[in-house]
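Beneath this line is the structure, given in structure tokens, with notes to follow.
Coordinate-derived values only; no laboratory data. Keep in mind it's a predicted model, so treat the numbers as computed, not measured. Here the Cβ positions follow ideal geometry from the backbone for every residue, glycine too, while neighbour counts run over all protein chains shown.
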Amino acid sequence: MHAEIETYERQGFGSTLPLRAPVGLLIVDFVNGFADPAVFGGGNIPQAIARTVPLLAAARARGWAIAHSRIVYADDGADHNIFSLKVPGMLGLKERDANSAIVPELAPQAGELVVRKTVPSAFFGTSLAAWLSQRGVQTLVVAGAVTSGCVRASVVDAMSHGFRPLVVSDCVGDRALGPHEANLFDMGQKYAAVMARDAALEALDAI
């Protein structure tokens with residue numbers, strides 16, 4: 001692994017990403033179905049949800065723009081797509097299905113955007129980029145599930161839209177730790193700043 005890291009360093013990956021205000025927070029798919037190991041959960045997702053509760057409180061206290069995402073398919077499955085072909089159980093995430101609801105401890109408040117999506121990225125085919133841009137967001141703090149899927153897709157699209165992603169490493173979770181750790185490493189090398197929650201808040205308070 002050390003030799004592989006040296007390869008990344010030699011090729012110029014992993015440069016520091018300077019953080020700039022204003023700051024926004026995106027919480028990706030922390031819904032009941034991803035909190036439940038019997039549905040789409042497992043791994044370190046419960047711990048990531050618990051760590052995100054104080055992060056969300058800090059974001060609200062600091063007046064950040066806050067957005068949440070959910071996977072929501074049409075009641076009749078008319079928007080069945082490639083994602084649901086690969087993971088058929090996703091079609092069960094309907095507007096009124098309990099598994100599609102954001103976990104109670106992270107329930108949105110008035111003024112916070114809730115993005116409904118049928119693909120991994122919270123940006124693709126949604127108003128999220130425009131909503132963040134209207135609020136002047138430069139740095140986008142990202143929490144959620146799962147690290148290797150919807151979090152990663154949202155981070156790549158955030159970067160592609162010109163936002164500076166900051167992935168909060170202990171506020172994202174995955175059903176398996178191998179993909180979680182590999183994707184944190186990869187996002188930190190190519191697309192985002194990656195920090196634990198307390199270090200991230202300290203860094204953001206300094207800008």
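Numbers at a glance
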| item | result |
| --- | --- |
| Sites Glu105 and Asp186, calculated FRET efficiency, Cβ-Cβ separation with R0 25 Å, nearest 0.05 | 0.30 |
| Ala21 versus Ala98: modelled label distance in nm, points set 7 Å from Cα along the beta carbon direction | 4.3 |
| Under 15 Å, Cβ to Cβ, from Ile5 - net charge with Lys/Arg +1 and Asp/Glu -1 | -3 |
| Normalised per residue, the volume of the convex hull around the Cα set of the chain (Å³) | 122 |
| Qualifying GluC sites (Glu not before Pro) in segment 7-108, DSSP loop, other Cβ atoms within 10 Å at most 12 | Glu95 |
| Spacing of the two label points (7 Å from each Cα toward its C-beta) at Glu4 and Val114, in nm | 4.0 |
| Nearby lysines by direct alpha-carbon distance to Lys94 (threshold 16 angstrom, same-chain neighbours under 8 apart not counted) | Lys117 |
| Ranked Met187, Met90, criterion: other C-beta atoms within 10 Å, fewest first | Met90, Met187 |
| Derived scalar couplings ³J(HN,Hα) [segment 7-19; Karplus, 6.51 cos²θ - 1.76 cosθ + 1.60; whole Hz; x for Gly, Pro] | 4, 4, 5, 5, 8, x, 7, x, 5, 5, 9, x, 8 |
